[in-house]
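The values are calculated or read from the model by the stated rules, or taken from the named source; none is laboratory data. What you see is a predicted model; the values in this text were computed from it and never measured. Glycine gets a Cβ as well: all are built from the backbone with ideal geometry, and neighbour counts include every protein chain shown. Ligands, DNA and RNA are stripped out before the accessible areas are found, and what is left, the full protein with its side chains, is counted by its heavy atoms. Shrake-Rupley method; radii C 1.70, N 1.55, O 1.52, S 1.80 Å.
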Amino acid sequence: MILPSPENILLFIAAATILIVVPGPALLYIMTKSIEQGYKAGLASVLGVGVGAMVHVIAAAVGISALLVASATAFSILKYGGAAYLIYLGVKKLTEKNTAITSVSGERKSFSRIFYEGIVVNTLSPKSAIFFFAFLPQFINADKGGTTSQILFLGLVFLVIAFVSDMCYVLLSGKLAKHIRTSDKFAGIQKYLSGSIYIVLGLLTFMVNKPTSIGGSK
C-alpha cells in the first residue's frame, strides 16, 4: 500500500483538523439532532454523516486516479480549481446571513432513522462531493503512484478526526443546548471562522502547489 509522504500526512492532519472543528452544514445537522433528542441521537447522526463522507472519499479516489492516468494537465486543473473552490466557499460563507440552530420539529425520530438520514444528507450533498475532490488532491504525491491508496488513507484519517471532533460537539450540544439553539453570536463566530479558513487554505494552495509530475503514476 502506497501512502503519502510523512510531510503531506502531517500537513493534511493539521489542515483537516482546522476545517473539521469549525462548524459546517453537516456538523450543524449533528448538533441539531443532539439538541433535539440527546446524546444517542447525536451519535447516530455522527455515524450516518461519517458513512456518507466515506462514499465521497471512495468516489474521489476512483475519479481522481482515473484523471491522473488520463492527463497531468487535467489533474493540475483539478488541484487549482479546488483551491479556487475553497476561496469561493469562504467568500460565500462570509457574505451569508447568520443562522442560529433551531428545532424544526418536535417529532422524535428513531436512532436508526437518524442514522440513515445522516447518510442521505451527506451522500446527496453536491458540496460534500466537490469538497473532497477539491481538498484531498492537495496532499497526495502523484509521482509515487498508488493514488487510490493515498486518497483512501487520507480519507480514513479525515473520518477519524471528524468522528472525534463531532462527538465533542455532541457532548457540548447536550450541555449547552438551550444557549446554542438561539445564539446569534455563535452563528456569527462560526460564519467568520469557517469563511476565513476556507479562503486562507485556498490561497495557500495557489501559492505553494506546483504542477504535479505523474510519470511514475499507476
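Which members of region 115-161 meet the condition of being closer than 24 Å to I30 by Cβ and of a type in the set (S, T, Y)?
Result: Y116, T123, S125, S128.
Across region 1-31, which residue is surrounded by the fewest Cβ atoms within 10 Å (Cβ to Cβ) among those that are among the aliphatic types (A, V, I, L, M) and not in a helix (DSSP H, G or I)?
Looking at residues that are among the aliphatic types (A, V, I, L, M) and not in a helix (DSSP H, G or I), I get M1.
Going residue by residue through region 171-183, is there one that turns out to be modelled with pLDDT of 75 or more and open to solvent by less than 80 Å² (accessible area, probe 1.4 Å)?
Yes, region 171-183 contains at least one residue that is modelled with pLDDT of 75 or more and open to solvent by less than 80 Å² (accessible area, probe 1.4 Å).
Which ones in region 32-52 are modelled with pLDDT under 90, aliphatic (A, V, I, L, M) and surrounded by fewer than 24 Cβ atoms within 10 Å (Cβ to Cβ)?
Listed by number, the list holds a single entry, I35.
Do we find a residue being modelled with pLDDT of 80 or more, over 22 Å from L10 (Cα atoms) and surrounded by 14 or more Cβ atoms within 10 Å (Cβ to Cβ) anywhere in region 145-166? Step through it out loud before you land on a result.
The initial filter retains those residues of region 145-166 that are modelled with pLDDT of 80 or more, namely 146-166.
Within this subset, residues satisfying the condition of being over 22 Å from L10 (Cα atoms) are none.
Scanning region 145-166 turns up no residue that is modelled with pLDDT of 80 or more, over 22 Å from L10 (Cα atoms) and surrounded by 14 or more Cβ atoms within 10 Å (Cβ to Cβ).
Every residue in region 112-129 that is surrounded by 17 or more Cβ atoms within 10 Å (Cβ to Cβ) and hydrophobic (A, V, I, L, M, F, W, C), please.
I114, F115, I119, V121, A129
Would you check which residues across region 53-74 are closer than 19 Å to I2 by Cα, modelled with pLDDT under 65 and open to solvent by less than 40 Å² (accessible area, probe 1.4 Å) and list them?
S65, L68
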